[in-house]
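The values are calculated or read from the model by the stated rules, or taken from the named source; none is laboratory data. Please read all numbers here as calculations on a predicted model, not as lab measurements. Cβ sites come from the backbone with ideal geometry, for glycine too, and all protein chains shown count toward neighbours.
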Amino acid sequence: MAWNMSLFMVLLLLPLGESLGRMEKFSFLDLVRETKSVPSWPIFSAGVFVAAALVLSLFLIIEHLSSYNQPEEQKFLIGLILMVPIYGVESFLSLHNSDWAFTCEVMRDCYEAFAMYCFERYLIACLGGEEATIKVMEAQTRFDSSTPLLEFDYDYGVVKHPFPLNCIMRSWYLGSDFYHAVKIGIVQYMILKPICAVLAILLQLVGLYGEGKFEWTSG
């Protein structure tokens with residue numbers, strides 16, 4: 001299983017490496033000279049912390065692979081740990097050259113969707129699987145008033161929607177309904193996030209991409 005997980009990590013990082021390979025290659029001297037109005041000390045300090053994050057993340061991943069005795073939990077936990085080097089490298093590249101910021105942001109958004117999926121599957125694995133998770137939720141509805149689950153005026157084991165959503169959506173009871181609603185929401189996020197990233201690339205190519213702008217002439 002450790003070899004399978006290692007192969008999975010390599011396949012996951014290949015697209016990242018290929019995308020970064022298309023960027024302009026730079027050496028350490030270029031990194032010091034080509035600051036583009038950013039002082040060298042922020043780049044140097046950022047590089048130190050990114051390097052430390054990479055080393056610690058790699059060490060933690062190797063530790064999990066060497067003690068791969070809980071595969072259902074560890075395989076998703078490794079996916080979460082990879083957020084540290086991926087986010088660190090893309091932030092460092094964006095700081096070094098602002099022209100790369102858009103590409104790095106798109107790549108980060110795509111991995112964010114995968115990380116969301118890993119987090120959800122990790123929590124389910126820690127609770128013993130989907131059926132066990134639903135049983136845990138259903139057990140919450142049987143708690144008495146001495147062990148409140150939700151605060152304020154919420155009923156025990158019931159998730160109510162705020163106005164005006166409560167006019168068109170019924171309340172969620174902790175159990176299979178709530179579990180499947182959350183699962184569908186995460187799956188939708190995983191699908192829509194990469195689609196939005198692709199749309200952002202297309203809009204950027206035609207010069208219509210405007211982050212944070214709410215205008216009819218930009219997206």
| query | Restricted to segment 199-212, and to residues that are part of a loop (DSSP other than H, G, I, E, B) and modelled with pLDDT of 70 or more, which residue is nearest to residue 109 (Cα to Cα)? | reply | 211
| Is there a residue in segment 90-101 that is under 24 Å from residue 126 (Cβ atoms), loosely packed, with under 13 Cβ neighbours inside 10 Å, assigned by TED's automatic domain parsing to the domain that holds residue 115 and modelled with pLDDT of 50 or more? | no
| said: Residue pairs, Cβ under 6 Å, 6 or more apart or interchain, first in segment 164-184 and over 23 Å from residue 119 (Cβ atoms), second of a type in the set (Val, Ile, Thr). List them. | reply: 171/158; 173/158
